[in-house]
1. Take the stretch 221-233 and flag every residue that is over 17 Å from Phe6 (Cβ atoms), in contact with a strand residue (DSSP E or B) (Cβ under 7 Å, 6 or more places away or on another chain) and not in a helix (DSSP H, G or I).
2. Being surrounded by fewer than 16 Cβ atoms within 10 Å (Cβ to Cβ) and under 20 Å from Gly10 (Cα atoms) is the filter here; which residues of the stretch 212-226 pass it?
3. Pairs please, first residue from the stretch 188-211 and open to solvent by less than 60 Å² (accessible area, probe 1.4 Å) and at pLDDT 95 or above, second anywhere and of a type in the set (D, E, K, R) and not in a helix (DSSP H, G or I), Cβ atoms under 6 Å, 6+ apart in sequence or on different chains.
4. Tell me which of these Ile26 doesn't satisfy, since it passes every other one: (1) among the β-branched types (Val, Ile, Thr); (2) farther than 22 Å from Trp138 by Cα; (3) under 17 Å from the mean Cα position of the chain (by Cα).
5. Would you be able to say whether some residue in the stretch 237-247 is of a type in the set (Phe, Trp, Tyr), under 17 Å from Phe98 (Cβ atoms) and within 15 Å of the chain's Cα centre (by Cα)?
6. Out of all the residues in the stretch 234-272, which are of a type outside the set (D, E, K, R), part of a loop (DSSP other than H, G, I, E, B) and either closer than 14 Å to Asp33 by Cβ or open to solvent by less than 10 Å² (accessible area, probe 1.4 Å) (or both)?
7. Quick check on my filter: what residues within the stretch 6-27 are outside any loop (DSSP other than H, G, I, E, B), over 18 Å from Gly96 (Cα atoms) and either in contact (Cβ under 8 Å) with a residue 24 or more places away in the chain or open to solvent by 60 Å² or more (accessible area, probe 1.4 Å) (or both)?
8. Name every residue in the stretch 28-44 that is farther than 28 Å from Lys243 by Cβ, among the hydrophobic types (A, V, I, L, M, F, W, C) and open to solvent by less than 20 Å² (accessible area, probe 1.4 Å), in order of residue number.
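The values are calculated or read from the model by the stated rules, or taken from the named source; none is laboratory data. Everything numeric here is computed off the predicted structure, so don't read it as measured data. Virtual Cβ from ideal backbone geometry, glycine too; neighbours counted across all protein chains shown. Note: areas computed on protein heavy atoms with side chains; ligands, DNA, RNA excluded. Shrake-Rupley method; radii C 1.70, N 1.55, O 1.52, S 1.80 Å.
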Amino acid sequence: MNNLNFITAGVPLKAGNKGYEAGFQILDKMGLDGLELEFVRGVRISDKSKASVISSKKIITAHAPFYVNLNAREEDKVEASIQRIIETAETANELGGFSITFHAGFYLGMDKESVFQQIKKQIKTITNELKKVNNNIWIRPETTGKATQWGDLEEIIRLSKDFETVLPCVDFSHLHARYNGTHNTYDEFAQIFEKIGNELGQIALENFHAHIAGIEYGIKGEKKHLNLEESDFNYKDLLKAFKDFNIKGAIVCESPNIENDAKLMKDYFLSL
């Protein structure tokens, strides 16, 4: 990617129920760069909406349905999870998407190494299926906000090393919540970029996919997303680190007021 793009998690709220076309007009007016397709309950998008997405020429990412667990005990749940991720990748690729993300799974009280190997096995199935149809969209497990969920930064970096089309989606708010308030200083943010650059190379820093929101958390991690100014999340120092490391890619705003906080971040970033 050529620069850092600020996009919303879904259609801007001001569009109400008027759909993607109205949403893209709002993004244009606000000077925002695109949106993440939120396939929360299934990969469903009408032909009319597809046409709006393609003609928008905006940056597009996609979030797979939330009911994904590549470490489920039941084989049919694993199969369904694989299928949801593949469908997300197929639809996003058809629409000119940059990358897709998903919550990969839960530990379910199992040994961390065996969970890693299980998830790696399913990711291999996914990437092999997409390779057959020349779909090279970035596949990105997301850093998760609770210790019960698979997906700390180290696990996702390790997984990414094994696949050409897999890179992390770094949800900075989740990291902040997962570790009960850490990952919130300039130095900690810089360490994340250094680690990813050192272990995955410049390609990972020039094709970054991040989620940012205000967040409420407790001893068990993430509770809910908040607006940035109502949270202790230090987004200003994070954006300074983005600037200093010359990160390129997409920042997805997941605050409850998606477009306003995306604009807040973009304006601050451009002022640096």
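1. Listed by number, the residues that qualify are Glu222, Lys223, Lys224, Leu226, Ser231.
2. Lys224
3. So the pair list comes out as His209/Arg140; His211/Asp171; His211/Glu254.
4. Tallying (1) among the β-branched types (Val, Ile, Thr); (2) farther than 22 Å from Trp138 by Cα; (3) under 17 Å from the mean Cα position of the chain (by Cα), Ile26 fails exactly one: (3).
5. Taking every residue of the stretch 237-247 in turn, none turns out to be of a type in the set (Phe, Trp, Tyr), under 17 Å from Phe98 (Cβ atoms) and within 15 Å of the chain's Cα centre (by Cα).
6. Initially, the stretch 234-272 is screened for residues of a type outside the set (D, E, K, R), giving 234-235, 238-239, 241-242, 245-247, 249-253, 255-258, 260, 262, 264-265, 268-272.
Those left that are additionally part of a loop (DSSP other than H, G, I, E, B): 234, 245-247, 255-257, 272.
Within the stretch 234-272, Ile247, Ser255 qualify.
7. Within the stretch 6-27, Leu13, Lys14, Gly19, Gln25, Ile26 qualify.
8. At the first step, the residues of the stretch 28-44 found to be farther than 28 Å from Lys243 by Cβ are 39-44.
Then drop every residue that is not among the hydrophobic types (A, V, I, L, M, F, W, C), which leaves 39-40, 43.
Scanning the stretch 28-44 gives a single hit, Phe39.
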